[in-house]
1. Under the classification rounded if a/c is under 1.5, otherwise prolate if a/b is larger than b/c and oblate if not, where does region 27-83 fall, given a ≥ b ≥ c as square roots of the Cα gyration tensor eigenvalues?
2. If I take every Cα pair under 8 Å that is 6 or more residues apart in the chain, average their sequence separation and divide by the length, what percent do I get for the relative contact order?
3. Looking only at His53, His84, His61, which one moves most when the chain is put into a Gaussian network model with springs between Cα atoms under 10 Å?
4. Output wanted: per-residue J couplings in Hz (rounded whole) for region 40-56, from phi through Karplus 6.51 cos²θ - 1.76 cosθ + 1.60, θ = phi - 60°, x for Gly and Pro.
5. Where in region 51-148 are there trypsin sites (Lys or Arg not before Pro) that are in a DSSP coil and have at most 11 other Cβ atoms within 10 angstrom of their Cβ?
6. Please report how far the C-alpha centroid of region 76-131 lies from that of region 13-59, rounded to the nearest whole angstrom.
7. What's the exposure ranking of Leu26, Leu82, Leu105, going from fewest to most Cβ atoms within 10 Å?
8. Given [x] 0.95; [y] 1.06; [z] 1.03 as candidate values of Rg/Rh (Cα atoms, Kirkwood Rh), which corresponds to the one derived from the coordinates?
Amino acid sequence: MKINADTVKGYLSQVPESQKENFTLLYQTIKNNIPQGFQECINYGMIGFVIPHSIYPPGYHCNNKLPLPFINIGVQKNFIGLYHMGLYANAELLKWFQEEYTKALNKKPDMGKSCIRFKNNAQIPIDIIAKLSQKTTPVQWIETYESSRSQKK
């Protein structure tokens, strides 16, 4: 499913009714808990929380015209996706998240490398998402990002 929107407000207005309550709760949780310095925007066709060029001028290595992505959330046909780049780049953070999620819901999260999938009408562990959103500052994310990039060269 693709939502064509140029603004966050426009994106939110197009979320299907069947996903609107969970998606809005997830969005508000991240927005209310992410550290200062991240900027909200439309990024990769989703709502993104990024480090703007004013803080990190090099931008994203895949396309330096784009700001450095950190968290994106989007509506898919059968799930709500939360894409958290820190989980992909920080093994300790990933371990913490998987353990907390499993303790809270008695099951492992449905996820890929950086994508957490919340199937339609699935319970979203809002308290854990709030804590996850708070765990990384822009400075920490830039350091992690640059460190992971230098290890790949």
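1. Working: a/c = 3.07, a/b = 1.40, b/c = 2.20.
Cα axes put region 27-83 in the oblate bin.
2. Once normalised by length, the contact order is 24 percent.
3. Of His53, His84, His61, the Gaussian network model singles out His61 as fluctuating most.
4. Here the 3J(HN,Hα) series is 8, 6, 8, 9, 6, x, 9, 7, x, 10, 10, 9, x, 4, 5, 9, 10 Hz.
5. On the way: sites: Lys65, Lys77, Lys95, Lys103, Lys107, Lys113, Arg117, Lys119, Lys131, Lys135; in loops: Lys65, Lys77, Lys107, Lys113, Lys135.
Taking region 51-148 and a limit of 11 other Cβ atoms within 10 Å, the loop trypsin sites (Lys or Arg not before Pro) found are Lys65, Lys77, Lys107, Lys113.
6. Region 76-131 and region 13-59 have Cα centres separated by 16 Å.
7. Details: Leu26 21, Leu82 25, Leu105 14.
Lowest count first: Leu105, Leu26, Leu82.
8. Read-out from the structure maps to [x].
Here, each number is a calculation from the coordinates, and none is a lab measurement. Every value quoted in this text rests on a predicted model; they were computed, and no experiment measured them. Note that each Cβ is placed from the backbone with ideal geometry, even for glycine, and that neighbours are counted across all protein chains shown.
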